[in-house]
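**Q** Mind having a look at this structure? Questions to follow.
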Amino acid sequence: MALQHRPRDRWLALLLLLATLSLVYLVVIHPFFTVPWRALGDEIATLQERQHRVQVQIDQRPQVSARLQEVTNALRLRPGFLPEETAEAAAAALSSRVQDVVLAASPGNSSCVVSNRTPMPDNRAASAYARVALQVRLRCGVDETAAVLHALETGTPRLFVENLNMLAQRFQQSPDETGTGLDVSFELVGYLQPESMNASRSPGEGVAAPAPGAEVGATESDQPAAHATAAEPSAGQSEPPDVEGTDEH
């Protein structure tokens, strides 16, 4: 006698088949085939995006090279390091630079004079660049002081004004001086090219002494007659009695 299949049994068999296929997919196909292929597709998309970025950079190489050459040429025209080969020559050049800037701000030293310029030793333990510093002291009017500091920090080569101290003073030691202004002291700092650092220091020495004949540490009495004023105190002399206060660094 033939078995009769009811519609309900057919639906149950179909549901069991679907459940079995789903279980096989979740246990075998999905973790071992679907997931790796999806990860591989994501990696391919990431690599294609990276390749696109690299290709864009490669295409921009001529423009970037041309721009780099322009910037390099501009930096050569406006050097940041001191052009001298040794610290001694650089200290003498800084001294001359200070004198030129002061004369430009106050022709004839009528409102601004340099009272002292002394080289400072480089006491740093180690540094990638050789530091050249000059201790400067001025007696200037307010406007002349601003002009001198601006010219020193914005000119070439690149110089830095550090440890700036200002005192309001009233003095007139020569007929050319106005009698009022500021007693200004600061450190003027520049840096040598890295390749000249070893040549700038002899073994066992860290002090940058001035070059022979330089005006470092000189007073205004050593200036040319056209711009000479009354003799000013040098680094080793005491201050005039009418000047109040001292600068400590």
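**Q** Can you tell me which residues in region 46-99 are touching a Lys or Arg at 6+ places or on another chain (Cβ under 7 Å) and under 21 Å from residue 117 (Cβ atoms)?
**A** Of everything in region 46-99, those that are touching a Lys or Arg at 6+ places or on another chain (Cβ under 7 Å) and under 21 Å from residue 117 (Cβ atoms) turn out to be 87, 95, 98.
**Q** Right, here's the next one. Is there a residue being in the same structural domain as residue 193 (by TED's automatic domain parsing), under 21 Å from the mean Cα position of the chain (by Cα), without any contact (Cβ under 8 Å) to a residue 24 or more places away in the chain and farther than 20 Å from residue 165 by Cα anywhere in region 109-124?
**A** Looking through region 109-124, at least one residue is in the same structural domain as residue 193 (by TED's automatic domain parsing), under 21 Å from the mean Cα position of the chain (by Cα), without any contact (Cβ under 8 Å) to a residue 24 or more places away in the chain and farther than 20 Å from residue 165 by Cα.
**Q** Now for a separate question. Which condition breaks for residue 73 when tested against (1) more than 25 Å from the chain's Cα centre (by Cα); (2) not assigned by TED's automatic domain parsing to the domain that holds residue 139; (3) not charged (D, E, K, R)?
**A** Condition (1) is where residue 73 drops out.
**Q** On the given criteria, is residue 147 out of contact with any strand residue (DSSP E or B) (no Cβ under 9 Å at 6 or more places or on another chain) and farther than 15 Å from residue 90 by Cα?
**A** Answer is no for this residue.
**Q** A further question follows. Return yes or no: is residue 84 loosely packed, with under 13 Cβ neighbours inside 10 Å and under 25 Å from residue 158 (Cα atoms)?
**A** It is false that residue 84 is loosely packed, with under 13 Cβ neighbours inside 10 Å and under 25 Å from residue 158 (Cα atoms).
**Q** Where residues in region 1-15 are surrounded by 10 or more Cβ atoms within 10 Å (Cβ to Cβ) and not aliphatic (A, V, I, L, M), which of them is modelled with the highest pLDDT?
**A** 11
The values are calculated or read from the model by the stated rules, or taken from the named source; none is laboratory data. Just so it is clear, the structure is predicted and the values come from calculations on it, not from any experiment. Cβ sites come from the backbone with ideal geometry, for glycine too, and all protein chains shown count toward neighbours.
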